[in-house]
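Structure, as structure tokens:
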Amino acid sequence: MSAVRLVRRSSSWSLFLSLSVASVLAGCRSSSEGPPDEPPPSDSGTPLPDGGTPPSFTWGTGTDTGTLAGNVWTPGRDATGLVNEVSWALVPKGRWIEVAATPLTSLDAEVKAALPGFRDLGSGGIAAVINAYSGVAVDAPGARWWAFGGGHADSSNNGLYRFDMAKMRWSIEQLPDNPANWTKVVYGNTYSSYPPAAEYSKAHPDSDVYSDEFFDPDRPAASTGHPVARHTYNGLVYNPDLQEVAFGVRRMWRYSLTTHTWKRHNPFNTPGATYDGATGYGGAAGWTFWDEVKHRYLFGPTENYNYSRWWSFDTDDQSWNWEVITPPAWHFAQMARVERKLVSFPYPDSQHQTFPPRLVTVDMDTGKWEFLELEHDLELSRVYTKDFEGMIFTYVPPLNRYIAAFPYDRDGDGRFEYRTFEVDPTTRRLSEAPQWEAGAFGGWHDLVKNRFFYLATHDALVYVRKGEENLRVFRLP
């Protein structure tokens, strides 16, 4: 896997996980100040508080083993709250296990305690932060990840939330904006656009204000400069070099984990530009990756059956560049990074020319993409033909295998059960692998996005299925 290090072009860190898109945060500014005109400075090296080392994963050393009841594990912790290593040893291998008390919804009371009177305007509440077409940004060596999402009618909650495997719990990285500050703001059918910012942007097309931020000349308390809630798809990514979380949905947003502020960028320094699915930027349903060699973010903005134009942002010289154009990608539910290759597995579907099954790879150095057709035993008549966004796909380095899951009528009875498969990158063979379904998996969820991944720290697969459900883990045999 690729290596990373603060401010350097290479590092001793090994990333065992696909990097996925992440949210970016801009600093607050007063509504009485006009939007800044000067270009932002270089971002090539924000120092860390401890001198440059991101936090590493650590086991607790206590003796409390916790409990295992059926397929539900309640971790044992030491006096500092760390999960004890002897407790993890209690978790059986080779089947899916739920971790007790780990839904994202467990933070709901904490958010409301910190913001008295807080009310999510959406229909899905805090669970929709990830349920609504959103993924997570993973720090694999640190065994932690961040969630930012919501949006549209699902959730107005634009908080940033972190899960730490060291403690097996969610915490608040940054509180959401308080709707009490949006008095008399009339929304339509989406919370992904703040109406006063949209009105200002329309009236001042040369400004750098856009509808996806809380900018409000008439309500100073609401003018935080934070991004509004939105579906982040596979677009959240963790950047270990700059210690930030970023995404490229609509605009590019970055949240500094050291200064705890948001920063936003207008792609190609073009305020007010519109999104064009085939050739434009700022679209939805795509990916974000951090390229530690070239110090750039890569954004694949579309998954809508168009050939998708990727773009990049160089954090050293603040330059924007058009990159590779990749094939239609709607069913690329996840994209794994393996060393300097981005690898995806589109759902095998003849309707969209992805049958026979194949991998699609993109070389981060050359920009070259290619199809790698797979040997397989699938029957076209048993392939699910309706739109489907629950495809999962990740790479497991110790096995040198990709693991995928999608609905398939194996029995020919007209019912499409989720099936798990392995892809051998050496033989290029797709094989059904039911061992990855073992245990109380509880079924699959349609909008998983990039919430299925491997962690080397635990030698386990992790599945963040839904915001109101427990985390699921699968220790490799």
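The values are calculated or read from the model by the stated rules, or taken from the named source; none is laboratory data. Just so it is clear, the structure is predicted and the values come from calculations on it, not from any experiment. So basically every Cβ, Gly included, is an ideal-geometry build from the backbone, and we count neighbours across all protein chains shown. Note: areas computed on protein heavy atoms with side chains; ligands, DNA, RNA excluded. Shrake-Rupley method; radii C 1.70, N 1.55, O 1.52, S 1.80 Å.
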* Asked: Taking 0.36 nm per intervening residue step and subtracting the Cα-Cα distance, what contour gain separates THR105 from GLU370 on full extension?
  -> 91.3 nm
* Asked: Between LEU399 and VAL86, what FRET efficiency comes out of the Förster formula 1/(1 + (r/R0)^6) with R0 = 30 Å and r the beta carbon distance, rounded to 0.05?
  -> 0.70
* To do: Would you mind computing, in nm to one decimal, how far apart the modelled labels at ASP218 and ASP459 are, each placed 7 Å from Cα along Cα→Cβ?
  => 6.2 nm
* Asked: How much length is gained on full extension from ASN269 to ALA113, taking 0.36 nm per residue of separation minus their Cα-Cα distance?
  -> 52.2 nm
* Asked: How many percent of the accessible area of segment 81-214 is carbon or sulfur, using a 1.4 Å probe?
  -> 51 percent
* **Over 30 Å between alpha carbons, listed pairs LYS93/LYS294; LYS184/LYS386; LYS263/LYS466; LYS112/LYS466; LYS202/LYS294** => LYS93/LYS294; LYS184/LYS386; LYS202/LYS294
* Asked: Where does each of 207-216, 286-295 land if you order them by average Cβ count within 10 Å, highest first?
  -> 286-295, 207-216
* Structure fact -> Taking segment 383-461, the whole-percent share of alpha-carbon pairs separated by over 17 angstrom is 50 percent
* Distance (nanometres) between label positions extended 7 Å along Cα→Cβ at ASP317 and THR258 -> 2.4 nm
* Structure fact -> Highest mean packing first, using Cβ neighbours within 10 angstrom, the peptides 364-375, 344-355 sort as 344-355, 364-375
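Per residue, how much space in cubic angstrom lies within the convex hull of the C-alpha atoms of segment 175-253?
Per-residue hull volume (Cα only) is 115 Å³.
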* Carbon and sulfur %, accessible surface of segment 350-464 computed with the full protein complex present, 1.4 Å -> 46 percent
* Probe 1.4 Å, accessible area per residue of segment 372-411, Å² -> 44 Å²
* Structure fact -> Between ARG429 and ASN71, Cβ-based FRET efficiency (R0 35 Å, step 0.05) works out to 0.70
* Reachable aspartates and glutamates from LYS167, Cα under 18 Å, same-chain residues fewer than 8 places away excluded? -> ASP64, ASP78, GLU85, GLU98, GLU110, ASP139, ASP459, GLU469
* Considering only protein heavy atoms, what is the solvent-accessible area of ARG358 at a probe of 1.4 Å, reported in Å² to the nearest 10? -> 20 Å²
